[in-house]
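One structure is given here, and the rest of the page talks about it.
All of the numbers you see were taken from the coordinates with simple rules; none came from a lab. None of the values given here were measured: they were computed from a predicted structure. Please note: Cβ atoms are built from the backbone with ideal geometry, for glycine as well, and neighbour counts cover all protein chains shown.
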Amino acid sequence: MGVRSLAVGALGVVLGLAFSTNAIAAEKKMVNYVVKNGAIAKSLTGKPGNAANGRKLAINRKKGNCLACHKMPIPEQAFHGEMGPELIGVAGRLNEGQIRLRIVDPKFFNRDTIMPAFYKNTGFTRVLKKFKGKTMLSAAQIEDLVAYTMTLK
Ligand code: HEC
């Protein structure tokens, strides 16, 4: 086990704790969505999200916290994590539906990923009682993040 994998493990634990204690669990009643060809084609809310709000959620440590693991074009924030791939240019690699499923449930692609499933209410291994049966983000927040991520051409 190298230094890097140790560091990955430690960060995973730290982030896991941060998420389980701080995340404001948003919704109890989930929207049903359809996964087809590795993508969720339809907006969870039936409407497009707000990219400016998505950018704020990506920075917010108690919400998306995407910056903790991904480098993004957000120069006013000093710390950008490197556990995940750079999201600069991701909208050129993936389409909207593929990005939506990666935010909703990255475990669909990789069961062992350290990226949290932001719109899932089952299958968590450690979860505080008050978050049981709830998603980390609301459907509207997911759509705001999708809209923001789609600007990263
Ligand atoms: C705890 C670290 C972590 C956090 C927090 C995180 N991600 Fe990720 N993300 C990853 C990793 C690692 C991958 C690589 C895929 C894998 O692990 O299977 C990834 C992959 C992705 C991908 C696919 C990128 C590609 O080029 O294929 C997207 C899109 C993405 N994340 C978006 C987000 C967004 C948006 C947020 C915030 C809501 C977020 N991630 C939060 C770790 C994280």
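For the reader, a short list of remarks on this structure follows.
- Ratio of Rg to Rh over the stretch 22-125 (Cα coordinates, Kirkwood Rh, two decimals): 0.93
- At R0 = 22 Å, FRET efficiency that the Cβ-Cβ distance of Glu76 and Lys153 yields, to 0.05: 0.65
- Working from label points 7 Å from Cα in the Cα-to-Cβ sense, the Phe108 to Thr45 distance is 1.9 nm.
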